[in-house]
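Encoded as structure tokens, the structure appears first; notes follow it.
The values are calculated or read from the model by the stated rules, or taken from the named source; none is laboratory data. Nothing here was measured: the structure is a model prediction, and the numbers come from that model. Every residue, glycine among them, receives a Cβ derived from its backbone with ideal geometry; neighbour counts consider all protein chains shown. With ligands, DNA and RNA removed, areas are computed over all heavy atoms of the protein, side chains included. Shrake-Rupley method; radii C 1.70, N 1.55, O 1.52, S 1.80 Å.
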Amino acid sequence: MQTQTLTRKIETENLSVFYGSFKAISDVSVEIYENNVTALIGPSGCGKSTFLRSLNRLNDLVPKTAVAGKVLLDDTDIYAPSQDVVDIRRRVGIVFQRPNPFPMSIFDNVAYGPRLYGIKKKSVLAEIVEESLRGAALWDEVKDKLDKSGLALSGGQQQRLCIARTIAIEPEVILMDEPASALDPIATLRIEELIRKLRERFTIVIVTHNMQQAARVSDYTAFFNMGDDRAGYLVEFDETDRIFTNPQQKLTEEYITGRFG
Amino acid sequence: MAQDIFSQVNLQRVYRRRRLTNKIMLGLTGLMLVLALIPLIWIIVYVLIKGGRHINLDFFIHLPQPMGTTGGGILHAIEGSLVMVVLASVFSIPPALLAAFYLTTHESTPLASAIRFSTDLLAGVPSITVGLFGYAVIVLAQKHYSALAGGVVLAIIMLPVVIRSAEEMLKLVPPDLRAGSLALGAPEWKTAIKVVLPAAAEGIITGIMLGVARATGETAPLLFTALGNDNYEIGKMIKQGIEHNQSIFDVLGRIFEQPADALPLTLWKYAQQPYPERVEQSWAVALVLMLFVLSLNILARVWIARRRSALQ
Ligand SMILES: Nc1ncnc2c1ncn2[C@@H]1O[C@H](COP(=O)(O)OP(=O)(O)OP(=O)(O)O)[C@@H](O)[C@H]1O
Ligand SMILES: [Mg+2]
């Protein structure tokens, strides 16, 4: 799927994450390329979400988490003491598994981020909101009810609203944690189309349990597994086509063909 | 194999028994519901009958007449209750909400356990003890009883009620909602005000109403702090302020600094009078008190319903 030259956007070096004394992921080294979709697959509990959330320091919210190793965003370590966590989160946005619109109007949901960064002018905000909603393929469905609550939308619409909210602050990377698992097949398809479109503007990392989905939307795939100590580790990382047609590891082949996991 | 087992049991009998048990339990729960409602309805009807006779406009807009004479109202108690409950809310709700936020965001820190423990202890302190505390700390220091002192002790009584209910409600807010705001780079305080609080608003309001109802009904702590004041009349104090060209702060100061009456306090005092007229009036006070708390609850529910439909 991939031809033009690759730029490395994120690189992890021997990344381990601990919840208290429990090691959730162990020594993960992986590269994530700009304007590509990278899928994270693997059995439940192997640390995909943990890995994803460590890429924008959302794990900081869980008490007693510790991180070893490095996460480089454009070659700067996001866990370096001098790094401003707000800046990291502005540059690396996230969409959650369950749609989580804020309890406010559709407009305010999307304008929430830009307002945080000091944009106050109504006309500017309106422009950002329209552009973001168009970007999330939601504009036509909500343009007449921007003042209605975001909670009054359908699940699929809510998830696209959350994507609009995320792209409104123009991040460089978008993390998605099983963004379609709470949605019906048609809503899922729309999200997948959207991901392919967003790829032109953003670098995307997506966790999914759905092999077909990984094959459909991603350019690269990282397969995680759980070790004997229950710590997740990276088994294989490669172009998605190769992972699904000619994996190097036996474990990968067994997983994608459904023989375990 | 499974078929073999099931061919041996009489399924019809199992089903029949299940239906019967279902009916009995349903009947039992219905009966319990009625039993639980009886005291409530009894109280409401009784107070309505006994107190309703004495309710008229004069009762609401006049101060009490001297003992032994007929007529007069309870304006002093209504206004005193309002002032002290407003004071108590102002003193207790902001710190209670902040404490509840702390408890939900720092669930298992030593300070959180300490707050939880002392909140539980505070909830268990008899209200008369809280009143004595107010007497010792405020009344003795100021050398006079006041609505302010009453407001403070009522605030102490409201505090644990609001903290615990607000904590429960904040806990119900999905963690990803908070994370979603923080992930956009929002600071914690903005996340709390703009996202978490609105998401939990309905439950928190209900909890606040519980606290207000509790404070409105308290008698004992006011005996030592607000004391009672047959001449407590806000309108008069404002008029005096205007006549003497005083600032709004002077007037507010007077409203807060005077001893004040409250509905439950008046009820308690009237009920012990040797004059039948007063005892009769105490039923009317009980009715006003009940309607006051009831209408607060209804207002809160209307607000919640309106907000819900506005969100749809
Ligand atoms: N906040 C937490 N505190 C302690 N342990 C946690 C926490 N979150 C996750 N874990 C543990 O870390 C491990 C990895 O969890 P994680 O959620 O990252 O897995 P996952 O691969 O995303 O699983 P799933 O596919 O089911 O979403 C699990 O063993 C989990 O129990
Ligand atoms: Mg997960």
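Let me check against my output: what whole-number percent is the relative contact order of region A:202-261, with C-alpha pairs under 8 Å and at least 6 apart?
It comes to 25 percent, rounded to a whole number.
Nothing charged except the Cβ atoms of Lys and Arg (+1) and of Asp and Glu (-1): what's the magnitude of the dipole of chain B about its Cα centre? Round to the nearest 20 debye.
Once rounded to the nearest 20, the dipole reads 1380 debye.
Once both labels are modelled 7 Å past Cα along the beta-carbon direction, what's the A:K145-A:D60 spacing in nm?
So the two model labels end up 3.7 nm from each other.
Measuring from centroid to centroid over Cα atoms, what is the spacing of region B:1-66 and region A:106-126 in Å?
Rounded to whole Å, the Cα centres lie 51 Å apart.
Between rounded, prolate and oblate, where does chain B land on the alpha carbon gyration tensor, with a ≥ b ≥ c its root eigenvalues, rounded for a/c under 1.5, else prolate if a/b exceeds b/c?
Note, shape of chain B comes out oblate.
Using label points projected 7 Å from each Cα along Cα→Cβ, tell me how many nm separate A:E239 and B:E277, to one decimal.
10.1
Nothing charged except the Cβ atoms of Lys and Arg (+1) and of Asp and Glu (-1): what's the magnitude of the dipole of the protein assembly as shown about its Cα centre? Round to the nearest 20 debye.
Charge dipole of the protein assembly as shown: 1740 debye, to the nearest 20.
For region A:203-244 and region B:68-122, what is the separation of their Cα centres, given in Å?
The distance from the Cα centre of region A:203-244 to that of region B:68-122 comes to 53 Å.
For chain B, calculate the relative contact order in percent as a whole number, restricting contacts to Cα pairs under 8 Å that are 6 or more residues apart.
Result for chain B is 25 percent.
Can you give the relative contact order of chain A as a percent, counting alpha carbon pairs under 8 Å and 6+ residues apart?
27
Using R₀ = 30 Å, calculate the FRET efficiency as 1/(1 + (r/R₀)^6) where r is the Cβ-Cβ separation of A:F260 and A:I186; round to 0.05.
That pair, A:F260 with A:I186, gives E of 0.50.
Which whole-number value in Å² is the accessible area per residue of the protein assembly as shown, probe 1.4 Å?
For the protein assembly as shown, the solvent-accessible area averages 50 Å² per residue.
Whose amide H sits under 5 Å from the amide H of A:I25, counting only residues 5 or more places off or on another chain, with H placed in the peptide plane?
The list, which skips near neighbours in sequence, is A:V17, A:G232.
In region A:110-148, what residues drop by 50 Å² or more of accessible area when the other protein chains are put back, versus the chain on its own? Use 1.4 Å, and skip ligands and nucleic acids.
A:Y112, A:L116
Looking at A:Y33, A:V85, A:L116, which one has the Cα that reaches farthest to the positive end of the dipole of region A:8-256 (charges on Cβ: Lys, Arg +1; Asp, Glu -1)?
Of the listed residues, the answer is A:L116.
Pull up the DSSP beta bridges for the protein assembly as shown and report the antiparallel fraction as a percent, rounded to 5.
Antiparallel bridges make up about 60 percent of those DSSP assigns within the protein assembly as shown.
Enumerate the amide H contacts of A:E236 below 5 Å, restricted to partners 5 or more residues apart or on another chain; note that Pro and chain-start residues carry no placed amide H.
A:F223
Starting from the Cα-Cα distance between B:R116 and B:I41, subtract it from 0.36 nm times their residue separation and give me the gain in nm to one decimal.
Difference between extended and current length: 23.5 nm.
Any idea how far apart B:D58 and A:D87 come out in nm if each label point goes 7 Å out from Cα toward Cβ?
In this crude label model, B:D58 to A:D87 measures out at 7.7 nm.
³J(HN,Hα) across region A:95-109 via Karplus (A = 6.51, B = -1.76, C = 1.60, θ = phi - 60°), whole Hz, x for Gly/Pro?
Result, ordered by residue: 10, 8, 5, 9, x, 10, x, 6, x, 7, 5, 4, 4, 5, 4 Hz.
Could you work out the mean count of beta carbons from other protein chains within 10 Å of each residue's beta carbon in A:54-65?
Other-chain Cβ atoms within 10 Å of each residue's Cβ, averaged: 2.
Name the shape class, rounded, prolate or oblate, that the alpha-carbon gyration tensor gives for region B:232-312, where a ≥ b ≥ c are the square roots of its eigenvalues, rounded holds for a/c under 1.5, and otherwise prolate holds if a/b is larger than b/c and oblate otherwise.
Since a/c reaches 1.5 but b/c is at least a/b, the shape of region B:232-312 is classed as oblate.
How do the peptides B:275-286, B:37-48, A:103-114, A:180-191 rank, highest first, by the average count of neighbouring beta carbon atoms within 10 Å per residue?
A:103-114, B:275-286, A:180-191, B:37-48
Which one of B:G150, B:G134, B:L35 has its Cα pushed farthest toward the positive end of the charge dipole of chain B, where Lys and Arg give +1 and Asp and Glu give -1 at the Cβ?
B:L35
Give me a comma-separated list of calculated 3J(HN,Hα) values for region B:249-258, in order, Karplus coefficients 6.51, -1.76, 1.60 applied at θ = phi - 60°, integers in Hz, x for any Gly or Pro.
6, 4, 5, 4, x, 5, 4, 7, 7, 6
Cross-link candidates for A:K64: which lysines have Cα within less than 23 Å, leaving aside residues fewer than 8 places away along the same chain?
A:K23, A:K48, B:K171
Apply the a/c threshold of 1.5 to the C-alpha gyration tensor of the protein assembly as shown and tell me whether it is rounded, prolate or oblate.
Judged from the Cα gyration tensor, the protein assembly as shown comes out prolate (a/c at least 1.5, a/b above b/c).
Got a number for carbon plus sulfur as a percent of region A:63-143's accessible area, 1.4 Å probe?
The computed percentage sits at 51.
Once Lys and Arg get +1 and Asp and Glu get -1 on their Cβ, which of B:A215, B:A96, B:L82 lies farthest toward the positive end of the dipole of region B:57-311?
B:A96
Spelling out what I want: for every residue of region A:229-246, take phi, set θ = phi - 60°, compute 6.51 cos²θ - 1.76 cosθ + 1.60 (Karplus), and round to whole Hz; glycine and proline get x.
8, 6, 7, x, 9, 7, 8, 7, 9, 6, 4, 3, 4, 5, 4, 8, 10, 8
Taking chain B as the reference, fit the longest principal axis to its C-alpha atoms, fit the long axis of helix B:110-124 to the helix C-alpha atoms, and give the angle between the two in degrees, 0 to 90, nearest 10.
Its long axis makes an angle of about 60 degrees.
What is the dipole size for region A:8-256, taken about its Cα centre, with +1 at each Lys and Arg Cβ and -1 at each Asp and Glu Cβ, in debye to the nearest 20?
900
One quarter of the convex hull surface, Cα atoms only: what value does that give for region A:8-256 in nm²?
With every direction weighted equally, the projected area is 13.3 nm².
Applying 1/(1 + (r/R0)^6) with R0 = 41 Å to the Cβ-Cβ distance of B:R306 and B:T129, what FRET efficiency is obtained, to the nearest 0.05?
Computed FRET efficiency for B:R306 and B:T129 comes out at 0.55.
Excluding same-chain residues fewer than 8 positions from A:K122, which lysines have a Cα within less than 21 Å of its Cα?
A:K143, A:K145, A:K148, B:K190, B:K194
Counting only other chains, and only Cβ atoms inside 10 Å, what mean value do you get across the residues of B:169-180?
Mean inter-chain Cβ contacts per residue within 10 Å come to 4.
Want the number for A:D77 to A:V124: 0.36 nm per residue separation, take away the alpha-carbon distance, what's left?
So the extension gain works out to 13.6 nm.
Figure the gain on full extension for B:S295 and B:A141 (residue separation times 0.36 nm, minus the Cα-Cα span) and round it to one decimal in nm.
51.8 nm
How much of the DSSP bridge set in chain A is antiparallel, in percent, rounded to the nearest 5?
Percentage antiparallel, nearest 5: 60.
Compute for chains A and B the buried accessible surface, both sides summed, probe 1.4 Å, and express it in Å² to the nearest 100.
In total, this chain pair buries about 1800 Å².
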